[in-house]
């Protein structure tokens, strides 16, 4: 069962804005005040066809898809043929059957670099618009290698679907006591996120995760009030991911419009406070 409530910002969300916040200390950041590839002491890469039968091939250490320039991290999705390193002739597996990918992009993360248990995770970013475009800022449980998804937990701080240009998505995914995937979140109408830079953040503690668009708190996932028991899924360490996926026919994001490519996802900074 998926619980995603559709709400609008005026009135309802304004009332949830929380002016009084406890002071937080900056404990980690990448301000992207350099040029070239992302800082390898902070970021690693996903590589290849990774999930959801998405058409994009995530490249590694390739400036065309992921670079820092002009004080920004740029993740760029491109329409181009690129050799599939996992290709196996005759394979029927979705990530092995194609000799060449027809789209490239990038997905970077802090796995095996830095992980956090609780805090405020925040980016300032500008998302690209258009059908099939799917940028995200999210987190996975650091025990993912040992406990498979959804048991490891997932916190989608921001997902933006280019086909749904007035909304953002804030969602959690976890396994209930029977191991079934559960999803809870909200998708507020916020205007036109792709028109400029906005702040996307969560404030996470041992009781709840609060989701923010700029200064507006639009969703709180309270562990004790969850529709299903998440157990201790969100009371452990997680790592950050930044990526831009592409959709396809039949997918949640919908088919990509090739005329929109290349598409660029700009991240001004990533900050973690505790």
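Quick look at the numbers
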| read-out | value |
| --- | --- |
| Qualifying positions in region 187-209 - touching a residue at least 40 places away in the same chain (Cβ under 8 Å) and within 21 Å of residue 118 (Cβ to Cβ) | 199, 200, 201, 202, 203, 204, 205, 206, 209 |
| Spans of strands (runs of 3 or more DSSP E) in region 36-101 with at least 1 residues under 23 Å from residue 254 (Cβ atoms) | 56-58, 72-83 |
| Residues of region 217-253 that turn out to be surrounded by 15 or more Cβ atoms within 10 Å (Cβ to Cβ), modelled with pLDDT under 95 and closer than 21 Å to residue 125 by Cβ, as a count | 1 |
| Qualifying residue in region 217-229 (condition: under 21 Å from residue 109 (Cβ atoms) and touching a strand residue (DSSP E or B) at 6+ places or on another chain (Cβ under 8 Å)) | no |
| Only one of 26, 73 that is within 14 Å of residue 270 (Cβ to Cβ) and surrounded by fewer than 16 Cβ atoms within 10 Å (Cβ to Cβ) | 26 |
| Cross-chain or 6+ apart pairs with Cβ under 7 Å, region 29-54 first and at positive phi and free of Cβ contacts under 8 Å to residues at least 40 places away in the same chain, then surrounded by 15 or more Cβ atoms within 10 Å (Cβ to Cβ) and outside any loop (DSSP other than H, G, I, E, B) | 36/67; 36/68 |
| Tabulated pairs, region 124-139, first modelled with pLDDT under 95, second in a strand (DSSP E or B), C-beta under 9 angstrom, 6+ apart or interchain | 129/263; 130/263 |
| Given (1) free of Cβ contacts under 8 Å to residues at least 40 places away in the same chain; (2) under 18 Å from the mean Cα position of the chain (by Cα); (3) surrounded by 18 or more Cβ atoms within 10 Å (Cβ to Cβ), index of the condition residue 68 fails | (2) |
| Residue list for region 140-151, filter: surrounded by fewer than 22 Cβ atoms within 10 Å (Cβ to Cβ), touching a strand residue (DSSP E or B) at 6+ places or on another chain (Cβ under 8 Å) and in contact (Cβ under 8 Å) with a residue 40 or more places away in the chain | 140, 142, 151 |
| Hits in region 173-190 (condition: in a loop (DSSP other than H, G, I, E, B) and farther than 17 Å from residue 134 by Cα) | 176, 177, 178, 179, 180 |
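The values are calculated or read from the model by the stated rules, or taken from the named source; none is laboratory data. All values reported here derive from a predicted model rather than from experimental measurement. Positions of Cβ are backbone-derived with ideal geometry, glycine not excepted, and every protein chain shown enters the neighbour counts.
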